[in-house]
Amino acid sequence: MSAPHLTKSLFATLLFFLALSSHATEKFRVCADPLNPPYSSKKQDGYENKIAELFAKQLGQEVEYYWFPQRIGFVRNTLKATINEQSEQFKCDVIIGVPAGFDFTATTNSYYHSTYVLLIAKERGWNNITIPEQLRSLPLAKQDSLKIAMFDRGPGTAWLQQSGLLEQGVPYQTMTGDDKNNTAMMIEKELQVGNIDMVIIWGPMAGYILSQNPNDYFILPMKSTLAMKFDYSMAMGVRYGDNARKAQLNELISKNQQEINKILESYHVPLLPIPAKKVRKDDD
């Protein structure tokens, strides 16, 4: 090998290791709610925390969180917000869980698909319910004793209205405004004290409630119809135009799908097959 070729080879090798070193010092910067089980928490014991750890480890990075309650304005105050007025650096780069096709961010490929379920407390006279539709045909006296949580958003309330069961609904807010309990935590406590006997709730949240007292509940999936949808895909959110990060996340999702499923299953998330991806303008 001639001297010029040796010099170029050494220079290329040096550049490679410099790039690798720079890459390793980067952070995997996640926007997350500090109290939102089963998704995320400051204890980093949610399944979104575990997926972030998995990805960061494979990238040779450390996870860094910007914590903000997941309320109205979450994306504006996290993913789209800079550290200060003088900085061009954003507070965080990835939201681990957003609905596929979410309008406020560019979205990756879906990494799981789940459904709303009917979660029922055992030994309160409802053990014989095998499909949610049975609630519609209960004797009137039995219907009158029904106590089912009803939220201000989501398909559960629409289903209760369609089923003629609104009067049996116990109203709750989707966003609690409580800094000590998110919705899943609040509903689990309400079930335990007997204020409600059942709830139509998003599958991952039902998984959290089930995990707190596994012998106290059973779940029945809500099945989508042409008139009412209960199952949805979830993806990861990045800023519009952040195409390199989106491509990187898509690669990580594809490479780690089995491990992601294992994490989700360990949190009792009811999983359905991921439907074929719908093409969006930001996919170009």
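The values are calculated or read from the model by the stated rules, or taken from the named source; none is laboratory data. Note that the structure is a prediction, hence the values are computed from the model and not measured. Heads up, the Cβs are rebuilt from the backbone with ideal geometry, glycines too, and the neighbour counts pull from every protein chain shown.
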Problem - Pairs where the first residue, in region 162-180, is over 18 Å from residue 134 (Cβ atoms) and without any contact (Cβ under 8 Å) to a residue 12 or more places away in the chain and the second is among the β-branched types (Val, Ile, Thr) and surrounded by 13 or more Cβ atoms within 10 Å (Cβ to Cβ), C-beta under 9 Å, 6+ apart - result: 176/183
Exercise for the section: Please specify each residue of region 176-199 satisfying the condition of being crowded, with 17+ Cβ neighbours inside 10 Å, closer than 17 Å to residue 122 by Cβ and of a type in the set (A, V, I, L, M, F, W, C). Expected result: 187, 191, 196, 198, 199
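Confirm whether residue 272 is more than 15 Å from the chain's Cα centre (by Cα) and under 30 Å from residue 121 (Cβ atoms).
Working: more than 15 Å from the chain's Cα centre (by Cα): no; under 30 Å from residue 121 (Cβ atoms): yes.
Spelling it out, it is not the case that residue 272 is more than 15 Å from the chain's Cα centre (by Cα) and under 30 Å from residue 121 (Cβ atoms).
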Problem - Check on residue 142, outside any strand (DSSP E or B), surrounded by fewer than 21 Cβ atoms within 10 Å (Cβ to Cβ) and under 24 Å from the mean Cα position of the chain (by Cα) - result: no
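Quick one: would you say residue 209 is closer than 23 Å to residue 233 by Cα, in contact (Cβ under 8 Å) with a residue 12 or more places away in the chain and not basic (Lys, Arg)? Steps first, answer last, please.
Values: closer than 23 Å to residue 233 by Cα: yes; in contact (Cβ under 8 Å) with a residue 12 or more places away in the chain: yes; not basic (Lys, Arg): yes.
In short, yes.
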Fill in the blank from the handout: Inside region 94-118, the number of residues satisfying the requirement of being outside any strand (DSSP E or B), of a type in the set (A, V, I, L, M, F, W, C) and over 15 Å from residue 274 (Cα atoms) is 2
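Conditions (1) free of Cβ contacts under 8 Å to residues at least 60 places away in the same chain; (2) over 15 Å from residue 181 (Cα atoms), marked per residue:
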site	(1), (2)
30	no, yes
33	no, no
41	yes, no
49	yes, yes
54	no, yes
60	yes, yes
70	yes, no
Exercise for the section: State yes or no: is residue 235 of a type in the set (Gly, Ala, Ser) and crowded, with 21+ Cβ neighbours inside 10 Å? Expected result: yes
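Return yes or no: is residue 224 surrounded by fewer than 18 Cβ atoms within 10 Å (Cβ to Cβ), of a type in the set (Gly, Ala, Ser), modelled with pLDDT of 95 or more and out of contact with any Cys (no Cβ under 6 Å at 6 or more places or on another chain)? Break it down stepwise before answering.
Working: surrounded by fewer than 18 Cβ atoms within 10 Å (Cβ to Cβ): yes; of a type in the set (Gly, Ala, Ser): yes; modelled with pLDDT of 95 or more: yes; out of contact with any Cys (no Cβ under 6 Å at 6 or more places or on another chain): yes.
Answer is yes for this residue.
Can you name every residue in region 72-93 that is touching a residue at least 40 places away in the same chain (Cβ under 8 Å) and either not in a strand (DSSP E or B) or not hydrophobic (A, V, I, L, M, F, W, C) (or both)? Before the answer, list the steps.
Of region 72-93, the ones touching a residue at least 40 places away in the same chain (Cβ under 8 Å) are 72, 74-75, 78-80, 90-93.
Listed by number, the residues that qualify are 72, 74, 75, 78, 79, 80, 91, 92, 93.
Can you name every one of the strands (runs of 3 or more DSSP E) wholly within region 188-248 that holds 2 or more residues which are within 21 Å of residue 276 (Cα to Cα) and assigned by TED's automatic domain parsing to the domain that holds residue 82? Walk me through how you get there before you give the answer.
Numbers: elements: 198-202, 217-221, 231-238.
Because the criterion is at least 2 residues that are within 21 Å of residue 276 (Cα to Cα) and assigned by TED's automatic domain parsing to the domain that holds residue 82, the strands (runs of 3 or more DSSP E) in region 188-248 that meet it are 231-238.
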